[in-house]
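Undergrad: Here you go, one structure.
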Amino acid sequence: MSTHYLVGTSGFHYSHWRDKFYPHGLPSSQWLAFYAQRFPTVELNNPFYRLPTAQAFESWRDTAPKGFLFAVKASRFITHIKRLRECEQPLQTMLDRARHLEEKLGPILYQLPPGFHRDDERLEAFLRLLPEGYQHVFEFRHKSWFDQAIYNMLARHGAIFCAYDMTGIDCPLMATAAYAYLRFHGSHYGGCYSDEDLADWARRIRALADERELEAVYVYFNNDAEGFAIQNAATMGSFLAER
């Protein structure tokens, strides 16, 4: 079985990428089209801060080429304010909006805050709320969640564990579903990964994909400072394309 590797960046609409990635005279309204010619996926960060309109999702869908996939970072109202409790309506509203991406909708990422410690009952209750037909991904920012019982819970619900590289946290590289999801945050969302580091990560990712016979692996770089995410995503994409 051949694993599909999709590598991109966390967000694309950064003014400091002008001249470093986007041509100087290119209007920001054309940035997504420019980006999507060079990468197969992007992680939409803005829904985390403010839920876009249905028309915004439709515009992104129509701008991106066939086969392009958008990962959607879930609203912080769900993950940081409600902390997975009593959020049936905001969850439904978010998914209703995201559905306007149609066949270009990829995973939904739920990034939990670092102060949110392990709570098995709350996670189980939230997982039961999640409708089928989506790829639900969980990024745990507190190490108390890194436990086999949590991995088993995600697997039972077909949910995806988000592995990540971040200063000060030793997050395991693993998969709980037919897909893997990785985020590279760099040093405080900056810094550039060396080619040697990325080659080592690529070897580990391919080994996981082969061992678990994964259908797809999503990889996103969040070290947007100085455009390092673009550089690192391009390098990782080329490494994962090698066999």
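Undergrad: Quick one: how many residues across segment 56-91 are touching a residue at least 12 places away in the same chain (Cβ under 8 Å) and farther than 29 Å from Y5 by Cα? If you could, list the steps in order and put the result at the bottom.
TA: In the first step, residues of segment 56-91 are kept if they are touching a residue at least 12 places away in the same chain (Cβ under 8 Å); the result is 57-58, 60-61, 63-65, 67-80, 83-85, 87-88, 90-91.
The next check asks that each one be farther than 29 Å from Y5 by Cα; those that pass are 77, 80, 83-85, 87-88, 90.
Counting residues in segment 56-91 that are touching a residue at least 12 places away in the same chain (Cβ under 8 Å) and farther than 29 Å from Y5 by Cα gives 8.
Undergrad: Further question: Residue check: is A74 hydrophobic (A, V, I, L, M, F, W, C), modelled with pLDDT of 95 or more and over 17 Å from the mean Cα position of the chain (by Cα)? Let's see the steps before the verdict.
TA: Numbers: hydrophobic (A, V, I, L, M, F, W, C): yes; modelled with pLDDT of 95 or more: yes; over 17 Å from the mean Cα position of the chain (by Cα): no.
Here the answer is no, as A74 does not meet what is asked.
Undergrad: Being over 14 Å from P47 (Cα atoms) and in a helix (DSSP H, G or I) is the filter; apply it to segment 81-108 and report the residue that is nearest to the chain's Cα centre (by Cα).
TA: Ranking the qualifying residues of segment 81-108, first place goes to K104.
Undergrad: Continuing with this model, one more query. Do the conditions hold for P131, that is, is it within 30 Å of A64 (Cα to Cα), touching a residue at least 12 places away in the same chain (Cβ under 8 Å) and not in a strand (DSSP E or B)?
TA: Values: within 30 Å of A64 (Cα to Cα): yes; touching a residue at least 12 places away in the same chain (Cβ under 8 Å): yes; not in a strand (DSSP E or B): yes.
Here the answer is yes, as P131 does meet what is asked.
Undergrad: Looking at R97, R76, which one is over 23 Å from L182 (Cβ atoms) and basic (K, R)? Break it down into steps so the answer makes sense when it comes.
TA: Numbers: R76 fails: over 23 Å from L182 (Cβ atoms).
From the options R97, R76, the qualifying one is R97.
Undergrad: Among the residues of segment 194-213, is any touching a helix residue (DSSP H, G or I) at 6+ places or on another chain (Cβ under 8 Å), at pLDDT 95 or above and assigned to a strand (DSSP E or B)? Can you show your working first?
TA: Let us first name the residues in segment 194-213 that are touching a helix residue (DSSP H, G or I) at 6+ places or on another chain (Cβ under 8 Å), namely 195, 198-199, 201-202, 205-206.
Subset that is at pLDDT 95 or above: 195, 198-199, 201-202, 205-206.
Okay, now just the ones that are also assigned to a strand (DSSP E or B), so none.
Scanning segment 194-213, I find no residue that is touching a helix residue (DSSP H, G or I) at 6+ places or on another chain (Cβ under 8 Å), at pLDDT 95 or above and assigned to a strand (DSSP E or B), so the answer is no.
Undergrad: Find the residue count for segment 60-80, including only residues that are in a helix (DSSP H, G or I) and touching a Pro at 6+ places or on another chain (Cβ under 9 Å).
TA: First, the residues of segment 60-80 that are in a helix (DSSP H, G or I): 60-63, 76-80.
If we keep only those that are touching a Pro at 6+ places or on another chain (Cβ under 9 Å) too, we end up with 60, 76-80.
Residues flagged as in a helix (DSSP H, G or I) and touching a Pro at 6+ places or on another chain (Cβ under 9 Å) within segment 60-80 amount to 6.
Undergrad: Could you grab me the full set of residues in segment 3-37 that are of a type in the set (S, T, Y), closer than 19 Å to G186 by Cβ and assigned to a loop (DSSP other than H, G, I, E, B)?
TA: Y14 - this is the single residue of segment 3-37 that is of a type in the set (S, T, Y), closer than 19 Å to G186 by Cβ and assigned to a loop (DSSP other than H, G, I, E, B).
The values are calculated or read from the model by the stated rules, or taken from the named source; none is laboratory data. What you see is a predicted model; the values in this text were computed from it and never measured. Glycine also receives a Cβ, built like all others from the backbone with ideal geometry; neighbour counts cover every protein chain displayed.
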